[in-house]
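Heads up, the thing below is written out as C-alpha cells.
Any read-out appearing in this document is the output of simple, stated calculations on the displayed coordinates, not a laboratory observation. Just so it is clear, the model here is predicted, and its values are computed rather than measured. In this analysis, Cβ positions are derived from the backbone assuming ideal geometry, glycine residues included, and neighbour counts consider all displayed protein chains.
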Amino acid sequence: MEMHHHLERNLKRLRMPGMLYNLQTRVQEAQENNLGYLEFLRLLLQDELSNREANNLSRRLKAAGFGQQKSFEGFDMRFNEEILPASVIRDLATCHFVEQRRNVVLGGPPGIGKTHIAKAIGHEVCRRQGTVLFRTTGALVQELLNPSQPQKTEKLLKRCLNVDLLVLDDFAFRKLDPKEAELLYMVADERLGRVSTILTSNRPPQDWFAIFPDPVIGNAILDRFVSGAIKIVVTKGKSYRKEGEKLQGTVLTTQEKGS
Ligand code: ADP
Ligand code: MG
C-alpha cells in the first residue's frame with residue numbers, strides 16, 4: 001500500500017494522469033495474466049500516451065472554434081452523390097491538399113453540406129496533429145478589426161496567418177469595406193503556398209469580385225486564395241437542411257434563405 005501511495009504521488013508530480021488513472025487496473029491485469037515487467041510497463045506508457053493524445057485532440061478542436069463539430073462519420077456521402085461524388089469527398093478527407101499547402105474552394109447552393117465538409121476536414125487535420133481555425137469570413141474580419149481587445153486580436157491574427165488550415169466559411173456573403181479587404185489581402189498573401197485555406201460560399205466565384213471595394217484588391221485577394229486552389233463548385237444540389245426539416249415536420253417559413 002505504502003508503495004502504491006508513493007507511486008501515485010510521483011505520477012502526480014510528473015503529471016502522468018493516464019498512468020495514474022490506469023495503474024491499479026494494469027497491476028491487477030499483470031498479476032492475473034502473469035505479464036512480464038516490460039509488457040506491464042509498455043501498457044502503462046501506452047495509457048499515458050493515449051490520454052495525452054486525446055487531450056491534445058480536444059484542445060485543438062476547441063481552439064479551432066467549430067461551434068458545433070462535424071465529422072465525416074456523420075456525413076452521408078450518398079445524399080448529394082451526383083454533384084459531390086464520394087471519391088471527391090474522400091480525397092478531401094485525406095487532407096492531402098493540406099500537406100501540399102493548397103487551398104480549396106467549396107461553392108454551391110445552401111444546405112448541400114459545404115460547412116459540414118469544411119468542419120469535417122478541419123476535424124481530420126486536428127486528428128493529424130494540425131492546427132485549425134474555423135470562422136465565418138464576416139465574423140472573422142470583424143473580430144480582427146475589433147479595437148477593444150488589442151491583445152486578443154493580435155493573437156487571433158497570428159493564428160489566422162499561421163494555422164495549418166484556415167476555414168473561411170461563407171466567403172463573399174456581404175460587401176467588404178477597404179479595411180476588411182486589406183486584412184483579407186494580408187491573410188491571403190501570408191498564407192499562400194505556406195499553409196492551406198478553405199473557402200466556402202453560396203455564391204459562384206465569378207460573383208465574388210463584386211464584394212470588394214475596388215477591383216485591384218479584389219483581384220489580388222482572389223488570385224491568392226483561388227488560383228491554384230482545388231475548386232469544387234456546383235450549381236445545384238439538394239439541401240440536407242430542408243430534408244431534415246421536412247422529416248421533423250417543420251413548416252418552412254419565408255425566412256428560409258432562397259437558393
Ligand atoms: P451549407 O454550408 O452548404 O449551406 P451545411 O453544411 O450547413 O450546408 O449543411 C446543412 C445541415 O445539413 C447541417 O446540419 C449539416 O450537418 C447537414 N448536412 C448537409 N449535408 C449532409 C450530408 N451529406 N450528410 C449528413 N448531414 C448533412
Ligand atoms: Mg454553410
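Within 10 Å of each candidate Cβ there may be at most 14 other Cβ atoms; applying that plus a DSSP loop requirement, which trypsin sites (Lys or Arg not before Pro) in segment 5-43 survive?
Details: sites: 9, 12, 13, 15, 26, 42; in loops: 15.
Of the trypsin sites (Lys or Arg not before Pro), the ones in loops of segment 5-43 whose Cβ has at most 14 other Cβ atoms within 10 Å are 15.
Taking other Cβ within 10 Å of each residue's Cβ, how do 76, 169 sort, fewest first?
Details: 76 11, 169 21.
Fewest-to-most Cβ neighbours within 10 Å comes out as 76, 169.
Which entries in the list 70/158; 114/231; 152/175 go over 18 Å, if you measure between the two C-alpha atoms of each? Mind dumping the intermediate values first?
Numbers: 70/158 25 Å; 114/231 12 Å; 152/175 25 Å.
Exceeds cut-off: 70/158; 152/175.
Run the numbers on segment 1-78 and let me know its relative contact order in percent, using alpha-carbon pairs under 8 Å that are six or more apart. Walk me through the numbers on the way to the answer.
Details: 29 pairs, mean separation 21.2, N = 78.
Once divided by the residue count of segment 1-78, the mean separation gives 27 percent.
For a footprinting-style exposure proxy, rank 19, 77 by other Cβ within 10 Å, fewest first.
77, 19
Relative contact order for the chain: what is it in percent, counting Cα pairs under 8 Å that are at least 6 residues apart?
Numbers: 348 pairs, mean separation 57.9, N = 259.
Reported relative contact order: 22 percent.
How do 47, 214, 223 line up, fewest other C-beta atoms within 10 Å first? If you can, show how the numbers build up before the last one.
Numbers: 47 20, 214 9, 223 13.
So the ranking, lowest neighbour count to highest, is 214, 223, 47.
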